[in-house]
Amino acid sequence: MTRQIASSLAACVHCGRCAESCHYYLARPDDPTMIPVWKADQVRRIFKRYVDWTGRVVPGWVNAWGPADDDDLNRLKDVVFGTCSACRRCTLNCPMGVDTALIIRFARGILTELGIVPEGIFNVSRDQWETGNQMAVSEVDYGETLQWVKQELQAEMKDSAIDIPVDKPDCDFLYVINPREIKFDPRSIAHAARIFRAAGESWTLPQKGWDMTNFGLYSGDDGLGGWLASNVYEAAARLRAKRIVISECGHGYRSTRWEGFNWAGVDQSLPMESVVVTLDHYLKEGRIKVDKAKNPEPVTFHDSCNIARSSGIVEEPRRVLRRVCADFREMTPNRTENYCCTGGGGLLSMQEYRPLRLEVAKIKAEQLRATGAKLVCTMCHNCVDGLSDVIKHYKLDMKVVQVLELVNKGIRG
Ligand code: SF4
Ligand code: SF4
């Protein structure tokens, strides 16, 4: 229990304004269980029953309640894991400042500790505990993948000096990535390496502590969250990097940049930034030259919840996209009011909640379709998968791309 959780549990006045913020409710307006305050109240009732004095003295008066058996706990699990992507859109629109997503995460953490947790969240958390990365990539696979990405890039660019350094000390920055880049999309590492080379950058990946993603954010397990973030901080300290640059990942950025040191209880003063901020600086400083004619298709930008709403990065990706794309167009709503890709909060790993996720994704599908864009760009690997599911399910004529990909394509020379 923290001050933020306690005040969010106590401050709700049940005005119902959060309803219209939630894509679950917007897609299912006749279902009151989709309203954020209803979801939070399933946790709030337990808080009242065991902590709040009115609930302990007169439980019936304040609707206090405590789970009696596994069935009650499983029902609570379905609410907090299955009907909320922890997008925090309701949080931003609550006049009382109630952070419903924080309440949801708090309940997830308690259920995780009790072992009442969706199998997908359990499996990925276990892999991250055991191997230090969420896709259980072995050290050999990590090294071999980086090696062949480097060789292919050198051959393609006819430049044997292009490097993907690992564990190089005293660089300007340590680059940390999402394991999806090693396992499913190594192109993004190649794009980054080529751009860093063009900018004359001094950078390195670490041998250990390279995964900046964090299932502790999704499961509510602060122990896991703090340990994973510490791995990154320790790698940067060990290699004496001057700052940490985080590749395109929403929850990984938020966990590493804002939450990790609190979960771990460590002092982390090394500067950290998203790679999109790094790209924005390169363009401003003229360190890379681009030509927007190389990206002629209409492109829109999807703000990742953890990047825009929870981390405040909104203008940097737009500045970059306007420089490298000939036809950039906003979706509505956008920036901190954007709708979730529908796969946030770990939902992509929870197959049992997929039918509901895709049903409520009709809000996202309508928003994407209205742009008329052929490409939707996002700076989050999780959103790539979430949006790809929406596009496929609703048969949209669109493709998902990332900022590094468009900048790489737009580079001159
Ligand atoms: S969470 Fe905020 S917006 Fe929602 S009912 Fe409570 S006070 Fe109103
Ligand atoms: S955090 Fe997002 S998905 Fe969860 S209740 Fe709030 S608006 Fe709905």
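Pairs are defined by a Cβ separation below 9 Å, a sequence spacing of at least 6 or placement on different chains, a first member in the stretch 220-234 that is at negative phi, and a second member that is of a type in the set (Asp, Glu) and assigned to a helix (DSSP H, G or I); the pairs so defined are 221/113; 222/259; 225/259; 226/259; 229/259.
From the list 78, 72, the one residue that fits, being open to solvent by 20 Å² or more (accessible area, probe 1.4 Å), assigned to a helix (DSSP H, G or I) and away from ligand 2 (no atom under 16 Å from the Cβ), is 72. Under the condition of being assigned to a loop (DSSP other than H, G, I, E, B) and without any contact (Cβ under 8 Å) to a residue 60 or more places away in the chain, the residues counted in the stretch 370-396 number 3. Looking across the stretch 27-58, the residues that are touching a helix residue (DSSP H, G or I) at 6+ places or on another chain (Cβ under 6 Å) and away from ligand 2 (no atom under 16 Å from the Cβ) come down to 47, 48, 49, 54, 55.
I'd like to know if the stretch 82-95 contains one or more residues that are under 25 Å from residue 348 (Cα atoms), aliphatic (A, V, I, L, M) and open to solvent by 60 Å² or more (accessible area, probe 1.4 Å). Within the stretch 82-95, one or more residues are under 25 Å from residue 348 (Cα atoms), aliphatic (A, V, I, L, M) and open to solvent by 60 Å² or more (accessible area, probe 1.4 Å). Residues that are in contact (Cβ under 8 Å) with a residue 40 or more places away in the chain and among the aliphatic types (A, V, I, L, M) number at least 1 in the following helices (runs of 4 or more DSSP H) confined to the stretch 252-356: 275-285, 305-308, 315-324. Just so you know, in the stretch 1-14 the residues that are outside any helix (DSSP H, G or I) and open to solvent by less than 80 Å² (accessible area, probe 1.4 Å) include one that is nearest to residue 55 (Cα to Cα), and it is 12. Filtering 369, 322, 357, 412 for residues that are basic (Lys, Arg), in contact with a Ser or Thr (Cβ under 7 Å, 6 or more places away or on another chain) and more than 22 Å from residue 175 (Cα to Cα) leaves a single hit, 357.
The values are calculated or read from the model by the stated rules, or taken from the named source; none is laboratory data. Please read all numbers here as calculations on a predicted model, not as lab measurements. Here Cβ is always computed from backbone atoms with ideal geometry, including for glycine, and neighbour counts include all displayed protein chains. These accessible areas exclude ligands, DNA and RNA; they are computed on the full protein's heavy atoms, side chains included. Shrake-Rupley method; radii C 1.70, N 1.55, O 1.52, S 1.80 Å.
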